[in-house]
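Colleague: Can you keep this structure in mind? I'll have questions shortly.
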Amino acid sequence: MASAGEPIRAQVLSASPNVQKVVFHSDSLGRDMKFNIYLPPDYNASKQYPVLYLYHGYSGNEDSWIPGLGVDQAADELLREGKIDPLLIVAPQIDNSYGFNSESNGPYGDYITQDIIQYVDGHYGTIADKKGRYIGGLSMGGWAALYNGFSHPELFSKAGGHSPAVFMDDWADTGNLKEWLYPTDEIRKQRDPYYLADTADLSGMSVYLDSGDQDSYKFYQGAEALDAKLRGRNVRSEFHLNQGKHDGAYWSRHVKDYLLFYAGK
C-alpha cells in the first residue's frame, strides 16, 4: 500500500488552471516520486470525479503533459464550453521505465497500478473504481498505458495510446531496446500490447489510438494493427491517423481530441 499520510510536499504550480506538483513516497519503488495534478474549477474534495492518468514519453517527466502540452488549459476550455465532464488529470513521473516491473529499473508497474492510484484515491475526491478511471500516454507512455490498461482491465475503463511505442518489426534508431523490452518471444507475448490484445478481457474497455502520418518510428503501423485486432475481438476501439510527426507539436494539436475521448459528454 502507498503511504496514506500527507504529501511529503505539494506545490501550487498554477492557480488558474488549478495545477499542483505533489511529491509522495512510493512503497513499491522505495523512494519519493512526483506527479502533477490538474483539478477542475470549483473542485470540491467531498465530490467524486473521474481520474485520467497520463504518462510521458522517453526522457520526459511529470511536466510533459501538464503544463508542457497544455492539457490543463485545454481541459479548462472544454469545461467552459460544456464539452467534457469535470475530471482530475494526473501526470506522474515514470522515468525511462516503460512502466513495467523490471529487474534493472524496479517495479514501475506496481507503482503505476498500486501506489499512484491508492495515493490519489486516498487524498482526492475520486470515483475510486474502474468506471471512473482512465489511462493514457504518449510514445513510451502510450505503451505503458496500453500495457498496464490491458494487464489490469479491472482498474480502467478507457485506455489511450497517443503515438504509442507499439513496435512492429522496425527497431531502427532504438539501440538495444528490443533486447531489454522483449528479451524472449514468451516475454514479448506477456508485455507487448499487440499480443496482450489477443488474451486480455477488454470487453469493458474503450480504446483510443492515434499517430502522425510522418511518425519517425512508424508507430502508426502498430497503432493501426492493434486497432484492427481489437475490433476483431469486438473491443470498442478507434484509430486516428493524422497529419504530423512524432513530436510535441503533434500531441499539443490533439490534446482536446484526447480529452473528448476520455471525458466528452
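The values are calculated or read from the model by the stated rules, or taken from the named source; none is laboratory data. Keep in mind it's a predicted model, so treat the numbers as computed, not measured. Heads up, the Cβs are rebuilt from the backbone with ideal geometry, glycines too, and the neighbour counts pull from every protein chain shown. Ligands, DNA and RNA are excluded from the accessible area calculation, which covers all protein heavy atoms including side chains. Shrake-Rupley method; radii C 1.70, N 1.55, O 1.52, S 1.80 Å.
Colleague: Working carefully through the options Ala74, Ala128, find the one that is on the phi < 0 side of the Ramachandran plot and in a loop (DSSP other than H, G, I, E, B). Let's see the steps before the verdict.
Modeller: Values: Ala74 fails: in a loop (DSSP other than H, G, I, E, B).
The conditions single out Ala128.
Colleague: Also: Looking at Thr126, Thr174, which is the one that is at pLDDT below 95, open to solvent by less than 40 Å² (accessible area, probe 1.4 Å) and over 15 Å from Tyr194 (Cβ atoms)? Working first, answer last.
Modeller: Working: Thr126 fails: at pLDDT below 95.
Sole residue among the options that is at pLDDT below 95, open to solvent by less than 40 Å² (accessible area, probe 1.4 Å) and over 15 Å from Tyr194 (Cβ atoms): Thr174.
Colleague: Which residue pairs have Cβ atoms closer than 8 Å, lie 6 or more positions apart in sequence or on different chains, and pair a first residue in segment 138-152 that is over 15 Å from Ala197 (Cα atoms) and at pLDDT 95 or above with a second residue that is open to solvent by less than 10 Å² (accessible area, probe 1.4 Å) and in a helix (DSSP H, G or I)?
Modeller: Leu138/Trp65; Ser139/Phe219
Colleague: Of the residues in segment 243-265, how many are closer than 29 Å to Tyr49 by Cβ and touching a residue at least 12 places away in the same chain (Cβ under 8 Å)? I'd like the intermediate steps shown before the answer.
Modeller: We begin by selecting, within segment 243-265, every residue closer than 29 Å to Tyr49 by Cβ; these are 248, 250-265.
Next, only the ones that are touching a residue at least 12 places away in the same chain (Cβ under 8 Å) stay: 248, 250-252, 254-265.
Qualifying residue count, segment 243-265: 16.
Colleague: Would you check if Ile135 is touching a residue at least 60 places away in the same chain (Cβ under 8 Å), open to solvent by less than 10 Å² (accessible area, probe 1.4 Å), closer than 22 Å to Ser211 by Cβ and of a type in the set (Val, Ile, Thr)? Talk me through it step by step, then tell me what you get.
Modeller: Details: touching a residue at least 60 places away in the same chain (Cβ under 8 Å): yes; open to solvent by less than 10 Å² (accessible area, probe 1.4 Å): yes; closer than 22 Å to Ser211 by Cβ: yes; of a type in the set (Val, Ile, Thr): yes.
Judged against the criteria, Ile135 is a match.
Colleague: On the given criteria, is Ser211 hydroxyl-bearing (Ser, Thr, Tyr) and over 19 Å from Ala144 (Cβ atoms)? I'd like the intermediate steps shown before the answer.
Modeller: Values: hydroxyl-bearing (Ser, Thr, Tyr): yes; over 19 Å from Ala144 (Cβ atoms): no.
Answer is no for this residue.
Colleague: Are there strands (runs of 3 or more DSSP E) fully within segment 1-70 with at least 1 residues that are hydrophobic (A, V, I, L, M, F, W, C) and touching a Ser or Thr at 6+ places or on another chain (Cβ under 9 Å)? List them. Reasoning before the result, please.
Modeller: On the way: elements: 9-14, 18-26, 31-39, 51-55.
Counting at least 1 such residues, we get 18-26, 31-39, 51-55.
Colleague: Filter segment 92-123 down to the residues that are among the polar types (S, T, N, Q), under 17 Å from Trp180 (Cα atoms) and out of contact with any Phe, Trp or Tyr (no Cβ under 6 Å at 6 or more places or on another chain), then identify the one that is least open to solvent (accessible area, probe 1.4 Å).
Modeller: First, pick out the residues of segment 92-123 that are among the polar types (S, T, N, Q): 93, 96-97, 101-102, 104-105, 113-114, 118.
Still in the running and under 17 Å from Trp180 (Cα atoms): 96-97, 101-102, 104-105.
Restricting the remaining residues to those that are out of contact with any Phe, Trp or Tyr (no Cβ under 6 Å at 6 or more places or on another chain) gives 101-102, 104-105.
Numbers: Asn101: 73, Ser102: 15, Ser104: 84, Asn105: 69 Å².
So, considering only residues that are among the polar types (S, T, N, Q), under 17 Å from Trp180 (Cα atoms) and out of contact with any Phe, Trp or Tyr (no Cβ under 6 Å at 6 or more places or on another chain), the one least open to solvent (accessible area, probe 1.4 Å) is Ser102.
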